Each structure stands twice: as structure tokens, then as C-alpha cells.
Amino acid sequence: MSRASGAVLRACVPPSIRRRAWSYIRGVEQERRTAESRAIPYCELEPKHLRHAVLLANREELLKALPKGGVVAEVGVDEGDFSARILAVANPAKLHLIDVWDSGRYHEGKARKVAERFASELARGAVVIHRGYSTDVLPQFADGTFDWLYIDSDHGYKVTAQELALARTKVKAGGLIAGHDYVTGNFVKAVRYGVVEAVHEFCVQHDWEILFLTNETHQHRSFAVREIGAAS
């Protein structure tokens, strides 16, 4: 709502009605978030899923710990800030950038910015851009393509679970799946995430383990998992 529209609303609608309307809207939103939360399954990790877990200060340190020089994918690119760090720190032979760029926040302008930002890498084939939803793009890759992936897209349980399931077949034997926002939600924006639950469920169902967790104060934490028994 624009400032002018808000002024008109305040001038024309009595305060009591505005309060009731906002109360109703908040109630509907709370019911929606509660229903979403109840639909998320909870799986508890066992000691075997944490036996080799290493706590890192931040995701810059995570990049330093991830394999270098391989084939990598970043799912959810935004303006390419973390993509640039992947190139600088992990030095992949090829970096696949996957994003749909079709929403108000993640729009066409950002897609153009990424293309301009990595123009030289695109020209020599070091970076490849794939526009589309992750659940549509990932199946297009051959199994065992990636040394590791980094997922930073929807953050909801359903999509994250689908991404993890797809990524499991697309990484090489011993490959890693990493991702962002390993938290239960964004409390500032009152948005419920499902990354923690999806990761734990994935580890329990497929016998994978948490290898790295980051510990940023802002709580936009990252994770990395691998199949139990995989070589370091």
C-alpha cells in the first residue's frame, strides 16, 4: 500500500473498523503459518548423523572447507554476491547458477545484473546460467555431475526437501550438499522456514551426516551434509 493510499484509508475508514480488519488479517495469517508449521515433519538426528560435524564461524569459512576446483551449482543466486565468493574462494572449474528471477524481489533486473557481472566467466564457460525453478532445472543434469551444491532458494520445507532429494542423485559419490538459512524461520519478517526439518529428515532417511554448520550471530546459518561413510 502506498503512503497516499494509506492516508486515504485512514481518512475514510473509522479506526474501530481498521482495527477489526487488521485483527482479522493477522488472525488469518497466524492460522496459515500454524497450519504450515504443523505440516512440517520432525525427525531427530542420531549421534551417527553428527559424529563428524565441524562448527565454523561463517559461510566464508565454509567455502574454504569445501572442495576446490570442481563442478559446483548454486541454487538461488539473487544478485550474485555469494556466487562471486564461490568463484574467488572455491575456484570451481565450472559454476552453474540456477535461479528463476521472476518475482518482485528477485526480478529480471537482477538476472541482467548477474549476466553482466559474470560476463567474462560466461564467455569462457566457467559460469553457466540456468533460468528456471530448481525443481525443474536440477533434473536436467546427469547424475553425479556436481562435486557440491549450495541451496539458497525457497527455504520452505516442501521445496527444500525436493531440492535435497534431487541433489542427492546429482552429486558425485562422496559429494556434498550445502545450503543457507539453516534456521526455523525469519522472526523479523515472521516467515516460517523448513530448512532444518528438511535437512534432518533427509539425513535420517538417506543415511547422510552433517559435516559442517556455521554459527553467524545473525542466524542466517549454513550447513553441509554428505553420505555417511563417504571419504573426507
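The values are calculated or read from the model by the stated rules, or taken from the named source; none is laboratory data. Given the structure is predicted, the values throughout are model-derived calculations rather than measurements. Counting neighbours? That spans all protein chains shown, and the Cβs are built from the backbone with ideal geometry, glycine included.
Show me the helices (runs of 4 or more DSSP H) entirely contained within segment 130-215 in which 2 or more residues are of a type in the set (A, V, I, L, M). Step through it out loud before you land on a result.
Numbers: elements: 134-137, 157-170, 195-206.
By residue number, 157-170, 195-206.
Of all residues being aromatic (Phe, Trp, Tyr) and under 17 Å from Ala73 (Cα atoms) in segment 147-200, which is surrounded by the most Cβ atoms within 10 Å (Cβ to Cβ)? Just the residue, please.
We begin by selecting, within segment 147-200, every residue aromatic (Phe, Trp, Tyr); these are 148, 150, 157, 182, 187, 193.
This time we only want the ones that are under 17 Å from Ala73 (Cα atoms), so: 148, 150.
Numbers: Trp148: 22, Tyr150: 27.
Per the stated criteria, the residue is Tyr150.
Spot the failing condition for Ser120; the list is (1) assigned to a helix (DSSP H, G or I); (2) touching a helix residue (DSSP H, G or I) at 6+ places or on another chain (Cβ under 9 Å); (3) modelled with pLDDT of 95 or more, and only one is missed.
In the conditions (1) assigned to a helix (DSSP H, G or I); (2) touching a helix residue (DSSP H, G or I) at 6+ places or on another chain (Cβ under 9 Å); (3) modelled with pLDDT of 95 or more, Ser120 misses (2) alone.
Within segment 89-110, which residues are closer than 17 Å to Arg131 by Cα and not in a loop (DSSP other than H, G, I, E, B)?
Going residue by residue through segment 89-110, those that are closer than 17 Å to Arg131 by Cα are 94-110.
Scanning segment 89-110 gives Lys94, Leu95, His96, Leu97, Ile98, Asp99, Glu108, Gly109, Lys110.
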